[in-house]
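What follows is calculated from the coordinates using simple rules that are stated; it is not laboratory data. Here the structure is a predicted model, which is why all the values come from computation and not from measurement. No Cβ is skipped: glycine too gets one built from the backbone with ideal geometry, and neighbour counts run over all protein chains shown.
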Ligand code: ADE
């Protein structure tokens, strides 16, 4: 049973989220399906700004599926107490198996969002952006029955060493980082290269815009002088300073982004 969940009401979702075909000359370069208990946590941010435009223009095809639709019994149960005891509730295997069977294809890469996962970073975003079909399973409560992980999941991903109430929020973070890497999604005036965690492996230098002076605070003269070599050197020095201050681990790490 494929049950797209487009039932949120506060904003009008983009065509793809309304389940309509998008009239576009561009073939979607990526398809993402999300299985969650909270479809609106996905649909609203994914329908907004650059991600919403990526969907409208056909760069990304997004399907959001409500796990509750596969819940068991009259009350559509999706969770139960942990075997062996312990706190909280665990997502049951039956609804997740049914939801995954409905969207899986031989080319799908299935990702479980969980604080127990491998840490997400720019390199993993770049790897995932090359896939044709991603399926995100959003955990909730104390986790998901491990048979789901063993049978279905290709990657367990965490967005950091903290615990969120819900994997859907983490999935949006990952989808945003991936979507902006799809060729054509960022306009000509924006670039996915030359930025923090890009090829240089260090943070970006500080940026300034007009006016050249604001409340007595001045844009550094070097940025206004038009000398490109000097500007590049200045930016590199500031980038190193910033990295040393905020992320010294990036300077000592052997794992430089490729
Ligand atoms: N679910 C709860 N916390 C999470 C995290 N840090 N990363 C991914 N999924 C999560």
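Key figures for this structure:
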| read-out | value |
| --- | --- |
| Cα pair count fraction exceeding 17 Å, expressed as % - region 193-258 | 49 percent |
| Contour minus Cα-Cα distance for residue 162 and residue 98 (0.36 nm per residue) | 20.1 nm |
| Label point distance in nm, residue 227-residue 204, each placed 7 Å from Cα along Cα→Cβ | 2.5 nm |
| Label-point gap, in nm, between residue 155 and residue 242 - each point 7 angstrom along Cα→Cβ | 2.6 nm |
| Rg and Dmax of region 15-179, Cα atoms only, in Å | 15.6, 54 |
| Relative packing of peptides 69-81, 125-137 - highest average C-beta neighbours within 10 Å first | 125-137, 69-81 |
| Packing rank of 228-234, 154-160, where each peptide gets the mean count of other beta carbons within 10 Å, highest leading | 154-160, 228-234 |
| Cβ crowding within 10 Å averaged over residues, with 169-181, 105-117, 210-222 ranked highest first | 169-181, 105-117, 210-222 |
